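The values are calculated or read from the model by the stated rules, or taken from the named source; none is laboratory data. Since the model is a prediction, treat every value here as computed from it, not as a measurement. Because the Cβ atoms are built from the backbone with ideal geometry, glycine has one as well, and the counts that use them run over all protein chains shown. These accessible areas exclude ligands, DNA and RNA; they are computed on the full protein's heavy atoms, side chains included. Shrake-Rupley method; radii C 1.70, N 1.55, O 1.52, S 1.80 Å.
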Amino acid sequence: MKAHIVTLPGDGVGPEVTAAAVAVLQAVAAHYEHDFHFEEHAIGGGAIDACGEPLPASSLQACQRADAVLLGAVGGPKWSDPNAPVRPEQGLLALRAALGVYANLRPLQVHPALAALSPLKNDKLRHVDVLFVRELTGGAYFGAKTRSADVATDECKYSVAEVERVARRAFELARGRRHHVTSVDKANVLETSRLWRSTVQRVAADYPDVKLEHQLVDSMAMLLLTQPGRYDVVVTENLFGDILTDEAAALAGSLGLLPSASLGEGRRGLYEPIHGSAPDIAGQGVANPIGAILSAALLLRHSLQLEDEAVAVEAAVEEVLRQGPHSRDIGGHAGTGEVLAAVLAAFEEHAGNQAAFFSGARACG
Ligand code: NAD
Ligand code: IPM
Ligand code: MN
């Protein structure tokens with residue numbers, strides 16, 4: 001198939017991990033005879049330096065024309081002055097809003113080979129397989145902001161329609177999994193959460209085969225650590241989802257491992273690892289590329305409908321997590337390039353076997 005993919009490497013380790021993910025997509029294209037065309041654009045701090053704005057119109061237009069967008073990370077100390085007139089993160093938020101990608105899927109699994117890295121005891125990590133569905137284009141991130149000399153406000157606003165569409169996405173996804181949705185809010189305090197809870201409750205009536213439970217976000221932060229194996233799909237608002245998924249990444253062993261897919265109504269999606277620009281390790285060639293590579297696998301699955309290819313990439317990553325080499329954040333010594341090379345080698349092996357299996361099956365049929 002033909003696909004047009006826009007890459008937005010961004011700042012810090014963004015370019016390092018994006019290059020690895022692109023290399024994997026190129027290997028997929030070569031192996032399965034697809035025609036992937038890549039077009040790179042600026043976003044974030046680099047774009048502010050180059051043209052004064054974090055999301056240049058040319059970058060946004062390219063994303064709107066693309067089949068899928070692959071992003072590294074934005075931000076860093078250079079642009080973090082709290083009084084700066086413009087910030088890299090604004091570019092990412094504007095992009096999410098403009099693409100209408102309101103559902104941010106963040107899958108969490110704990111690989112047995114990495115269980116020792118988790119702050120939790122091994123027995124708690126068995127059967128951890130959670131899909132966070134984070135609302136991505138509403139809430140305090142996008143409400144009106146005010147600032148005077150001694151007061152600042154961020155309005156948190158949600159409409160029924162905004163809650164309903166992300167809730168439906170969560171229930172649909174739960175149908176392909178273990179038929180369980182946990183909706184996380186702060187309905188004992190926040191009006192937006194009370195609207196959230198009653199809307200999710202109403203949507204649930206259309207999915208009688210899916211069990212719904214509600215959980216307050218403060219106790220959810222605790223339960224994620226004490227009973228992580230209990231959860232299937234967790235749906236929550238923008239800010240709670242941001243915080244809970246970094247917490248969840250610690251269970252997996254590193255923030256560098258988790259991918260994400262941001263989806264709207266169509267097939268076009270925005271794919272990015274959940275970590276940031278990691279300024280403390282940027283430029284050293286040691287960033288873990290797995291979160292970015294798994295984001296590329298989600299791109300294959302959700303935007304390009306290439307399920308076999310996505311599974312082959314995930315299987316290659318699984319093998320590298322099992323056997324090494326491992327990057328520093330997960331207890332190894334390998335650099336980004338070494339991990340990438342291992343993933344590519346495992347991919348060639350796995351995809352080769354899969355092709356042999358399918359041609360064998362055809363020969364028999
Ligand atoms: P961070 O995610 O960049 O880093 C947190 C810690 O995790 C650091 O110790 C870092 O070295 C480590 N880490 C992150 N990714 C890693 C990887 N791939 N391999 C190995 N270790 C990794 O969070 P932060 O330091 O709080 O934020 C830095 C900047 O990134 C900020 O400007 C923030 O706004 C931005 N940020 C951007 C995104 C994004 O673009 N999607 C996401 C989160 C944070
Ligand atoms: C993330 C990041 C972003 C967010 C920032 C950089 C705007 O933390 O993707 O998780 O808060 O959504
Ligand atoms: Mn975050």
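Residue by residue, here is whether (1) crowded, with 21+ Cβ neighbours inside 10 Å; (2) among the β-branched types (Val, Ile, Thr); (3) assigned by TED's automatic domain parsing to the domain that holds Arg96; (4) farther than 17 Å from Tyr207 by Cα holds:
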position: Asp123; (1), (2), (3), (4): no, no, no, yes
position: Phe132; (1), (2), (3), (4): yes, no, no, yes
position: Thr137; (1), (2), (3), (4): yes, yes, no, yes
position: Arg147; (1), (2), (3), (4): no, no, no, yes
position: Arg165; (1), (2), (3), (4): no, no, no, no
position: Ala174; (1), (2), (3), (4): yes, no, no, no
position: His180; (1), (2), (3), (4): no, no, no, no
position: Val189; (1), (2), (3), (4): no, yes, no, yes
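Can you find, within the range 221-244, the residue that is farthest from ligand 2 (Cβ to nearest atom) among those that are open to solvent by 10 Å² or more (accessible area, probe 1.4 Å) and among the small types (Gly, Ala, Ser)?
The selected residue is Gly229.
State yes or no: is Ser303 among the hydroxyl-bearing types (Ser, Thr, Tyr), away from ligand 1 (no atom under 16 Å from the Cβ), surrounded by fewer than 23 Cβ atoms within 10 Å (Cβ to Cβ) and farther than 30 Å from Arg328 by Cα? Outline the logic, then answer.
Values: among the hydroxyl-bearing types (Ser, Thr, Tyr): yes; away from ligand 1 (no atom under 16 Å from the Cβ): yes; surrounded by fewer than 23 Cβ atoms within 10 Å (Cβ to Cβ): no; farther than 30 Å from Arg328 by Cα: yes.
So Ser303 does not fit the description; no.
What residue, among those in the range 26-62 that are within 27 Å of Arg301 (Cα to Cα) and among the β-branched types (Val, Ile, Thr), is surrounded by the fewest Cβ atoms within 10 Å (Cβ to Cβ)?
Val28
Only one of Ala50, Ala23 is touching a residue at least 60 places away in the same chain (Cβ under 8 Å) and more than 18 Å from the chain's Cα centre (by Cα). Can you tell me which?
Working: Ala50 fails: touching a residue at least 60 places away in the same chain (Cβ under 8 Å).
Every option except Ala23 fails the conditions.
Which of the residues spanning the range 54-80 are within 16 Å of ligand 2 (Cβ to nearest atom), more than 23 Å from Glu265 (Cα to Cα) and part of a loop (DSSP other than H, G, I, E, B)?
Selection gives Pro54, Val74, Gly75, Gly76, Ser80.
Given the criteria farther than 16 Å from Leu136 by Cβ and either surrounded by fewer than 19 Cβ atoms within 10 Å (Cβ to Cβ) or charged (D, E, K, R) (or both), does Val160 qualify?
Working: farther than 16 Å from Leu136 by Cβ: yes; either surrounded by fewer than 19 Cβ atoms within 10 Å (Cβ to Cβ) or charged (D, E, K, R) (or both): yes.
Spelling it out, Val160 is indeed farther than 16 Å from Leu136 by Cβ and either surrounded by fewer than 19 Cβ atoms within 10 Å (Cβ to Cβ) or charged (D, E, K, R) (or both).
Take residues that are among the hydrophobic types (A, V, I, L, M, F, W, C) and tell me which of the strands (runs of 3 or more DSSP E) falling wholly in the range 173-288 contain 2 or more.
Hits in the range 173-288: 180-185, 211-216, 233-236, 261-263.
Arg169: of a type outside the set (Val, Ile, Thr) and within 16 Å of ligand 3 (Cβ to nearest atom), yes or no?
no
I'd like the full set of residues that are surrounded by fewer than 21 Cβ atoms within 10 Å (Cβ to Cβ) and within 7 Å of ligand 1 (Cβ to nearest atom), limited to the range 245-275.
Leu255
Would you tally the residues in the range 232-251 being within 15 Å of ligand 3 (Cβ to nearest atom), out of contact with any Phe, Trp or Tyr (no Cβ under 9 Å at 6 or more places or on another chain) and closer than 17 Å to Val128 by Cα?
Result for the range 232-251: 4.
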